[in-house]
Structures are given as C-alpha cells and as structure tokens.
Amino acid sequence: MHSESPTGPGRPKDLNKREAILQAAKQLFLSQGYASTSMDAVAAAAGVSKLTVYSHFTDKQTLFEAAVMATCQAQLPDLLFELPEDAEPEAVLLSIARSFQALISDDESVQLSRLIMAVGNQDPGFGTYFYEAGPQRILAGMEGLLGKFVERGWLRVDDPRRAAEHFFCLVKGAPDYRLLLGYAPALSGEEADAHVRSAVGVFMRAFRP
C-alpha cells in the first residue's frame, strides 16, 4: 500500500487528495464493480487529474487493494493485534471480536460482500484482490497473536492459522449470514455484545489448555 510521510511541503494536500481518491474508488467499485471502474472515472469523481491518481496508485488493482485495506484498518488497525505485557487473553479477544463485528456489519462492507458474491463468476479477480487486501491481512494478524497466546501458555493451538479462521467464523456466525441475505438487520447494542461474548467464550473453551 502506498504510504505518505506527514512531513514536507505539500504533504497535507497530498494526503487529502489520496483520501479523496480512495473514497471515490470505494463508491465506484461498489456501484459499478471492479471491471467497469476506470482510473479516469475515479479521477473525475475525486476531482483530481488522472496523473494524480497514478502518482498515488500505480494501477487499478493497487487502488482497489488500498481502498479495501483502508476500510479494514479503520476498524481493525494492526495495533489491535499487538499484545501488551499486562494483557488479559479474553479482553484482547473481545476487543478484536467487537471491532471485527462492527466492520462486517458496516453498510459498505455488506455492500461489498454482496457485490463480490454477485460478480465473482464474471470477475474472479475482484474477489481475489479483496481477499488479499482484507481478510488475508486480518487472518495473518490474528495468527501471529494466537502464536503469542501459545507462548504464554494461555491457549493450546496446534494450527494458529486455522484457529484464526475459526475465531472469525464464530464472530461472523448466523447473524452475518442473515444480514447478507437481507433477512435481518445488523446486530447492535446488547445483542451484538452478547453475540461477541458468546463467540469468544466458545473459542476460549475450545482452545484452553
């Protein structure tokens, strides 16, 4: 993902343009799909030149990955997978679970998931780019964290990667499936907290030494 330094002349303006490009790209990808979204259209929607778009993102795949990554980072920053010395295992997992549940319940995330399912057969690259920029990064962070849990003797996990997948699948659960179908609204308030606590509890019981 292209990074910007906060120092130096013109940097705030550059960062504002980059954010405008990312927002325009997300809207176009969601409304038109990956194949139908051009860099020209993104530039027009962001109010910048095509050259400016390419100066921040070398091609459309890079732009899409950056847009997905920025969305995930807003709810699940890499710092969330760090492990302080005085951390309590259940509290750490609850924090991640709550952030993940909020991410997958967000309107943009729901729209993107539906779009990927709808156009996946016609445009398989769309799903691939999404997975590599979003879920794959999140799984890698969780895998590393669970490895630290094992080192501290908090959990017994033979395959941290698979355990990470189990964790996020528990948090998604039936509520996310009903949400994607349009059968029920996103969980909120006490319902969301009860679901997250239940998922973390099941996970802890499954892998506790």
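The values are calculated or read from the model by the stated rules, or taken from the named source; none is laboratory data. Remember, predicted model here, so these are calculated numbers, not experimental data. Counting neighbours? That spans all protein chains shown, and the Cβs are built from the backbone with ideal geometry, glycine included. In case anyone asks, the SASA skips ligands and DNA or RNA and just uses the protein heavy atoms, side chains included. Shrake-Rupley method; radii C 1.70, N 1.55, O 1.52, S 1.80 Å.
Points worth noting:
- Per the Kirkwood formula applied to alpha carbons, region 73-158 shows a radius of gyration over Rh ratio, Rg over Rh, of 1.06.
- Relative contact order for the chain, counting Cα pairs under 8 Å that sit 6 or more residues apart, in percent: 20
- Surface share of carbon and sulfur [accessible, 1.4 angstrom probe, percent] for the chain: 53
- Sequence of Arg156, Arg18, Arg161 when ordered by accessible area, the most exposed leading, probe 1.4 angstrom: Arg156, Arg161, Arg18
- With all protein chains in place and ligands, DNA and RNA left out, the 1.4 Å accessible area ranks Phe203, Phe130 as Phe130, Phe203, largest first.
- If you sort Thr58, Thr128, Thr37 by accessible surface, 1.4 Å probe, largest first, the order is Thr58, Thr128, Thr37.
- Its DSSP H runs of at least 4 residues, each contributing -39,500 (n - 2.57), put the calculated 222 nm mean residue ellipticity of the chain at -23500 deg cm²/dmol, to the nearest 500.
- Here the calculated FRET efficiency for Glu108 and Arg156, from their Cβ-Cβ distance with R0 = 35 Å, stands at 0.40, rounded to the nearest 0.05.
- Three-way shape label, region 109-209, alpha-carbon gyration tensor, a/c 1.5: oblate
- Largest-first principal axis extents, alpha carbons of the chain, Å: 57, 45, 31
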